[in-house]
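Heads up: the structure comes next, in structure tokens.
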Amino acid sequence: MADQNDIIHQATRLKIMSVLNAIPAGEGLEFLRLKAIAHATDGNLGAHLATLEKAGYITIKKDIVGKRTRTRAMITRAGRRAYDAHLLFLRDIIAGQLPDET
């Protein structure tokens, strides 16, 4: 059985990782779009993104568009691997394969 990833398992971070995993490598999603998808406040989303970035699962890119700063999040290779492993954990739970209690 795969192990639970406590960083990704949190509901908001799981939403973020699910969306970013669906995007092709090298592409990102803007902060406002992620905020809408996650139903999060600016501060809440920022904290979750910081946690994922610190774990090496995402990178944050900032650039200037017109007179505004655009913030985008992109999943890393390590993030994709961690997400895939966590999905295996969730599939095992759904399939009823619970860990042995020793």
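Coordinate-derived values only; no laboratory data. Remember, predicted model here, so these are calculated numbers, not experimental data. Cβ placement follows ideal geometry from the backbone for every residue including glycine, while neighbour counts extend to all protein chains displayed.
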If you stretched the chain out fully between Leu32 and Thr59, how much longer would it get, using 0.36 nm times the residue separation minus the C-alpha to C-alpha distance?
8.1 nm
Cα-based Rg (one decimal) and Dmax (whole number) for the stretch 6-94, in Å?
13.0, 48
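Taking a ≥ b ≥ c as the square roots of the eigenvalues of the Cα gyration tensor of the stretch 15-67, is the shape rounded (a/c under 1.5), prolate (a/b larger than b/c) or oblate?
On the way: a/c = 1.27, a/b = 1.06, b/c = 1.19.
Rounded.
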Can you give the net charge of the other residues whose Cβ lies under 12 Å from the Cβ of Arg68, counting K and R as +1 and D and E as -1?
+1
Rel. contact order, % - alpha carbon contacts under 8 angstrom, at least six apart, the chain
38 percent
Rank Asp42, Asp84, Asp63 by mean-square fluctuation in a GNM of the chain with C-alpha springs under 10 angstrom and give only the top-ranked residue.
Asp63
If you build a Gaussian network model of the chain, linking Cα atoms that sit under 10 Å apart, which residue out of His86, His39, His48 swings the most?
His39
Loop only per DSSP, at most 13 neighbouring Cβ atoms within 10 Å: give me the GluC sites (Glu not before Pro) in the stretch 9-56, ordered by residue number.
Glu27
